1. What single numbered condition from (1) at positive phi; (2) out of contact with any Asp or Glu (no Cβ under 9 Å at 6 or more places or on another chain) fails to hold for residue 131?
2. If I filter the stretch 63-75 for residues that are of a type in the set (Gly, Ala, Ser), closer than 27 Å to residue 178 by Cα and open to solvent by 20 Å² or more (accessible area, probe 1.4 Å), do I get at least one hit?
3. Output the residues belonging to the stretch 200-248 that are part of a loop (DSSP other than H, G, I, E, B), modelled with pLDDT of 85 or more and not acidic (Asp, Glu).
4. Within the stretch 226-281, restricting attention to residues that are of a type in the set (Ser, Thr, Tyr) and in contact (Cβ under 8 Å) with a residue 40 or more places away in the chain, which residue is surrounded by the fewest Cβ atoms within 10 Å (Cβ to Cβ)?
5. Between a residue in the stretch 1-24 that is outside any loop (DSSP other than H, G, I, E, B) and any residue that is among the charged types (D, E, K, R), which pairs come within a Cβ distance under 8 Å, given they are 6 or more apart or on different chains?
6. Please find, within the stretch 32-45, the residue that is most open to solvent (accessible area, probe 1.4 Å) out of those that are within 24 Å of residue 110 (Cβ to Cβ) and in contact with a strand residue (DSSP E or B) (Cβ under 8 Å, 6 or more places away or on another chain).
7. Which residue out of 52, 88 is assigned to a helix (DSSP H, G or I) and open to solvent by less than 10 Å² (accessible area, probe 1.4 Å)?
Amino acid sequence: MIKRVPNDWPNSAFSQEIQVGDLFWHVQVSGTSPSHLLLLHGTGSSAHTWGAIFAELSKHYTVVAVDLPGHGFTKNLGNKTLSLDQLADTLTDLRKALKIDYFDSIIGHSAGATLALSYALKNKQPKTIIGLNPSLISLPNFYNKFVAPFLNPIVTSSFFTAVLSDLLPRTSMIDSLLDSTKSVLPPEKKERYKTLFKSADHLNGSMSFMAGADIPSLLSQCKKISSRLTFIVTEDDGWIPIKQLREVIRKDFVNPRIIEIEGGHLFHEESEKLALEFIMSALTEEEAKHVHTN
């Protein structure tokens, strides 16, 4: 347990702190399998996003869920603006600190899927990468409305983010932001995002994560990825338009599998059981194929 993680936070019984350089990672680890699975949340979220999915997957795998630098309960005392490449390197350092040789599978949501691809290009590639509504389109619609106004130097100053993080939970802006995903979350799940955005560090980390993602550069390298790729995308995603996303996936990846379902950007929080079924199907299909080819 880490003192700064609330007792009622999802999967808090599995929370631990790992210091690697300037980063004090909040990591949740569960399971006893020799097969390791990494879970990566999206911009503005944290490991809480995996909820019951984390618990169910840990029955079959050793699951590692992290709060990325600047997000949630991970404290970043060093460079606050990390590029995708730098974030991938921090994940490599964390993996080594956890004494894990290899992530067999990575599941990433939104920008977490983008980071999973960046990590795969710099490490021994996972057998499977599953991207849930991957953030592979530069500057999606919601960016200009919610994020771009906050990315100038005055706004990203520590003073401004401190004031904004104090104000945000008292306004309807976080509700508006969550509603714009076209996912309908119950009140207790919305409250978790309000808890996160009370932290100036989380607000700053969220903005930096988005600003530091060079999507065109990443996509230009993605044909080198040999992992089995499954992208689960939703028809009603309010943040990432499915038509453009489908075109990008087909153009920039080798043999990707695209599964289209109903739902909004946070469908895995809205319909955990359904999301888990698709995730398990993608993971076990790879294992069956691996056994068959051997």
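The values are calculated or read from the model by the stated rules, or taken from the named source; none is laboratory data. The structure presented is a predicted model; accordingly, all values stated were derived computationally and were not measured. Cβ atoms come from the backbone with ideal geometry, glycine included; neighbour counts cover every protein chain shown. When the accessible area is computed, the model is the full protein with side chains, heavy atoms only, and any ligands, DNA or RNA have been set aside. Shrake-Rupley method; radii C 1.70, N 1.55, O 1.52, S 1.80 Å.
1. The single condition residue 131 does not satisfy is (1).
2. From the stretch 63-75, those of a type in the set (Gly, Ala, Ser) are 65, 70, 72; that's our starting set.
If we keep only those that are closer than 27 Å to residue 178 by Cα too, we end up with 65, 70, 72.
Cutting the leftovers down to open to solvent by 20 Å² or more (accessible area, probe 1.4 Å) gives us none.
For the stretch 63-75, residues of a type in the set (Gly, Ala, Ser), closer than 27 Å to residue 178 by Cα and open to solvent by 20 Å² or more (accessible area, probe 1.4 Å): absent.
3. As a first pass, look at the stretch 200-248 and keep what is part of a loop (DSSP other than H, G, I, E, B): 212-214, 220-221, 225-227, 235-241.
With the extra rule that they be modelled with pLDDT of 85 or more, the set shrinks to 214, 220-221, 225-227, 235-241.
Scanning the stretch 200-248 gives 220, 221, 225, 226, 227, 238, 239, 240, 241.
4. Filtering the stretch 226-281 for residues of a type in the set (Ser, Thr, Tyr) gives 226-227, 230, 234, 271, 281.
If we keep only those that are in contact (Cβ under 8 Å) with a residue 40 or more places away in the chain as well, we get 226-227, 230, 234.
On the way: 226: 12, 227: 19, 230: 22, 234: 26.
For the stretch 226-281, the residue satisfying everything is 226.
5. Within 8 Å, the pairs are 20/93; 23/75; 24/17; 24/75.
6. Restricting attention to the stretch 32-45, the residues satisfying the condition of being within 24 Å of residue 110 (Cβ to Cβ) are 36-45.
Then keep just the ones that are in contact with a strand residue (DSSP E or B) (Cβ under 8 Å, 6 or more places away or on another chain); that gives 36-42, 45.
Details: 36: 39, 37: 0, 38: 2, 39: 0, 40: 0, 41: 0, 42: 2, 45: 7 Å².
For the stretch 32-45, the residue satisfying everything is 36.
7. On the way: 52 fails: open to solvent by less than 10 Å² (accessible area, probe 1.4 Å).
Just a single option satisfies the conditions, and that option is 88.
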